[in-house]
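Here is the structure we will look at.
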Amino acid sequence: MKALMCSRLGGPEDLSIEDLPDPVPGPGEALVRVRFAALNFFDTLIIAGRYQVKPELPFSPGGEACGVIEALGPGAEGLSVGDRVMVHLSHGTARERIAVPVKRLARVPEAVSDEVAAGLSITYGTTLHALCDRAAIRPGETLVVLGASGGVGLAAVELGKLLGARVIACASSPEKLETARAHGADDLIDYKADNLREALRRLTGERGVDVVYDAVGGELAEPAMRALGWKGRFLVIGFAAGEIPKFPLNVIMLKGIDVQGVHWGAFVEREPEAHAANQARLLAWAAEGRLTVKVHGTYPLEAYADALGVLVRREAVGKVLLDLRG
């Protein structure tokens, strides 16, 4: 089989496509023939050795995929050969076949396409966990999404709207904001052209914002936090801007703000039943057409550098997929 491999830490140019033996499923595992693998911004950090997940070299990037079960290992239960499944891992899906624990798989409904299933697990799983399990967002509350046009940002826009929130999408260009509007955003802020805190104040008045969803970090985090109202919640998703912000604790104290960490990978390991329920909920919504999972682009495996480059430059508007159907 062909596999995208990281044998030394660095950028996309340090990766290579290699021919490897097909894996054999062990106890409790399934052999999955991958159709599409999704790449995320964190993949650019993993291959550089700058992410909290640090696999042993060599490894394949890619944390999510959609494929078909070709074989089952001893004791693997709940799924069958021929089932189409959604795969969720920390890394390793950018290869034609993978052996994966069945607990990391979810059966895909017929109404959900391979492309949607490939890009649903991590970004939407992270976001559903963030909005419901952490922030406990309620209908009618105001949700601010920073970096609203990327894969995780659009997931927050869609799910926030689906959960009944007023969604304020924030992004760096009018074109990106129009994408967020098309996915349900109620209000738009171009933070390259406007002062983020002042714009949020104009939109929310003295009441302020209820929830901030921040996958960007950097200089946008503090003004967004300061725009929170009484008992607002700030969701720490990631740091696409590179800089990890530091908050003034006096503001957090005076407003009764909760700064909530969202580590989806730890949630998956520590609360598997809650995670499985969230994945089933997402797949049901996708089957009903209530989630679109916009795809920025689909790339053949050989074009992996182009696919990762889109993420490195933060140009992605939606999901970036690798086509491994051969």
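The values are calculated or read from the model by the stated rules, or taken from the named source; none is laboratory data. Only a predicted model underlies this, so the values are computations on that prediction, with no experimental measurement involved. Cβ placement follows ideal geometry from the backbone for every residue including glycine, while neighbour counts extend to all protein chains displayed. For accessibility, only protein heavy atoms count, side chains too; no ligands or nucleic acids. Shrake-Rupley method; radii C 1.70, N 1.55, O 1.52, S 1.80 Å.
For residue 294, give me every one of the aspartates and glutamates with a C-alpha distance below 12 angstrom, ignoring sequence neighbours fewer than eight places off in its own chain.
Hits, sequence-local ones excluded: 115, 158.
Quick one: net charge of residue 312's neighbours, Cβ under 14 Å, K/R +1, D/E -1?
Working: positive: 50, 313, 314; negative: 13, 14, 43, 306, 315.
Once all neighbours under 14 Å are counted, the net charge is -2.
Please give the length that would be gained between residue 182 and residue 313 if that part of the chain were fully extended, namely 0.36 nm times their separation in residues minus their C-alpha to C-alpha distance (nm, one decimal).
Working: separation 131, 0.36 × 131 = 47.16 nm, distance 2.28 nm.
Result for the pair: 44.9 nm of gain on full extension.
For the chain, which whole percent of the accessible surface, found with a 1.4 angstrom probe, sits on carbon and sulfur atoms?
51 percent
Name all residues of the range 149-171 having a backbone nitrogen under 18 Å from the label point set 7 Å from the Cα of residue 258 along its Cα→Cβ direction, giving them as ranges.
160, 163-166
Take the alpha carbon gyration tensor of the range 130-273, find the square roots of its eigenvalues, order them as a ≥ b ≥ c, and report rounded if a/c is under 1.5; if not, report prolate when a/b exceeds b/c, else oblate.
Values: a/c = 1.30, a/b = 1.10, b/c = 1.19.
Verdict is rounded for the range 130-273.
Gain in length, residue 190 to residue 24, computed as 0.36 nm per residue apart minus the alpha-carbon separation, to one decimal in nm?
The span from residue 190 to residue 24 would gain 54.8 nm if fully extended.
At q = 0.17, 0.26, 0.28 Å⁻¹, what log₁₀ I(q)/I(0) does the range 236-296 have when each alpha carbon counts as one equal point scatterer in the Debye sum?
Treating every Cα as an identical point scatterer, log10 I(q)/I(0) equals -0.89, -1.05, -1.10.
For residue 246, list the lysines whose Cα falls under 20 Å from its own Cα; do not include residues on the same chain fewer than 8 positions away.
Those lysines meeting the cut-off are 231, 255.
When only the heavy atoms of the protein chains count and the probe is 1.4 Å, how do 288, 141 rank by accessible area, highest first?
Solvent-accessible surface, decreasing: 288, 141.
Taking the inverse of the average 1/r across all pairs of different Cα atoms in the range 3-59, what Kirkwood radius in Å do you get?
Computed over the range 3-59, the radius equals 13.0 Å.
Per residue, what accessible area does the chain have, given a 1.4 Å probe and all protein chains present, in Å²? Walk me through the numbers before you get to the answer.
Values: 13690 Å² over 326 residues.
Per-residue value: 42 Å².
Using only alpha carbon pairs under 8 Å that are at least six residues apart, calculate the relative contact order of the chain and give it in whole percent. Could you put the intermediate results ahead of the total?
Values: 745 pairs, mean separation 58.6, N = 326.
Result for the chain is 18 percent.
Between residue 198 and residue 103, what is the FRET efficiency for a Förster distance of 30 Å, r being their Cβ-Cβ separation, to the nearest 0.05?
E(calc), rounded to 0.05, equals 0.05.
Between 36, 59, 247, which gets the highest mean-square fluctuation from a Gaussian network model of the chain, Cα cutoff 10 Å?
Among 36, 59, 247, the largest GNM mean-square fluctuation belongs to 247.
So what's the gap between the Cα centers of the range 1-54 and the range 224-266, to the nearest angstrom?
Using only Cα atoms, the two centres lie 32 Å from each other.
What does the charge count around residue 183 come to, taking other residues whose C-beta lies under 15 Å from its C-beta (Lys +1, Arg +1, Asp -1, Glu -1)?
Its environment carries a net charge of +2.
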